[in-house]
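Student: What follows is a structure written as structure tokens; I'll ask about it next.
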Amino acid sequence: NTFTLPDAHFDDLGSDGRCINNIAFTPDGQWGFVGNPWFNDLLAFNIPNYSLKPYLHIASEPHTGSSVSRVAVSPDGTRVLVSAILTNNVYVVPINYTASALQFGDPGTIHDSAGYADWDGYNNIEVLDNNTAFIGSWRSNELVQLNYRFASIASFYNTADSPEQITLTPDGRFLAVTCVSPGNEVDIFATNPMAINVPFLRSSTTEFTGYGI
């Protein structure tokens, strides 16, 4: 099946780097989503009824600004996350389904008011569960954790170099981050880190003899 989406303009140069788009699907495989960077639209299409092609214009992005880039879908299929590289926003778009249609809700905006977060076209969004997602901030050298259910940034994790492509392990326990220039390294983060208190042994109040595990 070959079909054209409304106002499709999939890849273009923006002032912050090349927009790179991808296609993400709902868990049931019936709806696909792709970003339109030139017109800043979130485009959707149905499978197998390819004539159903609703789209959402993200009005807060500058028109013809080459901004909307990567998309991701929550595991329950109720939200689509959209990155915008000119404004360094992540939009959280609620999705409602009927028997033969899809409706977009009003998008929530995740923005870092401190200015640390900085996306480029290569930064993809990885969704851990129905609350948590991750994206790399390539200029501030940080992995950004998002609480997208509440449209907020949860925390930053420092990486040595510019983080771009990120990948979750199939069990969701670890996140691999490809860091480019100058180190060309891969950083591994635990998605649910835990502090372990290790007791130490003393023969007196002044003498240390070792650790007990």
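Student: Within region 132-158, how many residues turn out to be open to solvent by 60 Å² or more (accessible area, probe 1.4 Å) and of a type in the set (S, T, N, Q)?
Tutor: 1
Student: Checking Asn40 against (1) open to solvent by 40 Å² or more (accessible area, probe 1.4 Å); (2) of a type outside the set (Asp, Glu); (3) on the phi > 0 side of the Ramachandran plot: exactly one of these is not met. Which one?
Tutor: Result: Asn40 fails condition (1) only.
Student: State yes or no: is Ala72 closer than 19 Å to Thr87 by Cβ and exposed (fewer than 15 other Cβ atoms within 10 Å of the Cβ)?
Tutor: Values: closer than 19 Å to Thr87 by Cβ: yes; exposed (fewer than 15 other Cβ atoms within 10 Å of the Cβ): no.
So Ala72 does not fit the description; no.
Student: What is the number of the single condition among (1) in a loop (DSSP other than H, G, I, E, B); (2) surrounded by 10 or more Cβ atoms within 10 Å (Cβ to Cβ); (3) touching a strand residue (DSSP E or B) at 6+ places or on another chain (Cβ under 8 Å) that Gly183 does not meet?
Tutor: Here Gly183 meets the rest and fails (3).
Student: Hey, another quick one. Among the residues that make up region 17-27, is at least one of them basic (Lys, Arg), open to solvent by 20 Å² or more (accessible area, probe 1.4 Å) and free of Cβ contacts under 8 Å to residues at least 60 places away in the same chain? It would help to see each step written out before you state the result.
Tutor: Applying the first criterion (basic (Lys, Arg)) to region 17-27 yields 18.
Subset that is open to solvent by 20 Å² or more (accessible area, probe 1.4 Å): 18.
Going one step further and asking which of them are free of Cβ contacts under 8 Å to residues at least 60 places away in the same chain, we end up with none.
Checking region 17-27: not a single residue is basic (Lys, Arg), open to solvent by 20 Å² or more (accessible area, probe 1.4 Å) and free of Cβ contacts under 8 Å to residues at least 60 places away in the same chain.
Student: Take the residues of region 189-213 that are β-branched (Val, Ile, Thr) and open to solvent by less than 100 Å² (accessible area, probe 1.4 Å): which is farthest from Ala160 (Cα to Cα)? Break it down into steps so the answer makes sense when it comes.
Tutor: Keep residues of region 189-213 that are β-branched (Val, Ile, Thr), which gives 191, 196, 198, 205-206, 209, 213.
Restricting the remaining residues to those that are open to solvent by less than 100 Å² (accessible area, probe 1.4 Å) gives 191, 198, 209.
On the way: Thr191: 18, Val198: 28, Thr209: 36 Å.
The residue in question is Thr209.
Student: What's the total number of residues in region 121-141 that are assigned to a loop (DSSP other than H, G, I, E, B), on the phi < 0 side of the Ramachandran plot and either at pLDDT below 95 or not β-branched (Val, Ile, Thr) (or both)?
Tutor: Here the count works out to 11.
Student: Taking region 159-178, which residues are in contact (Cβ under 8 Å) with a residue 40 or more places away in the chain, open to solvent by less than 60 Å² (accessible area, probe 1.4 Å) and not in a loop (DSSP other than H, G, I, E, B)?
Tutor: Pro163, Glu164, Ile166, Leu168, Leu175, Val177
The values are calculated or read from the model by the stated rules, or taken from the named source; none is laboratory data. Model, not experiment: these values are computed from the prediction. Every residue, glycine as well, gets a Cβ built from its backbone with ideal geometry; the counts of neighbours run over all protein chains shown. Surface areas here come from the heavy atoms of the whole protein model, side chains and all, with no ligands, DNA or RNA. Shrake-Rupley method; radii C 1.70, N 1.55, O 1.52, S 1.80 Å.
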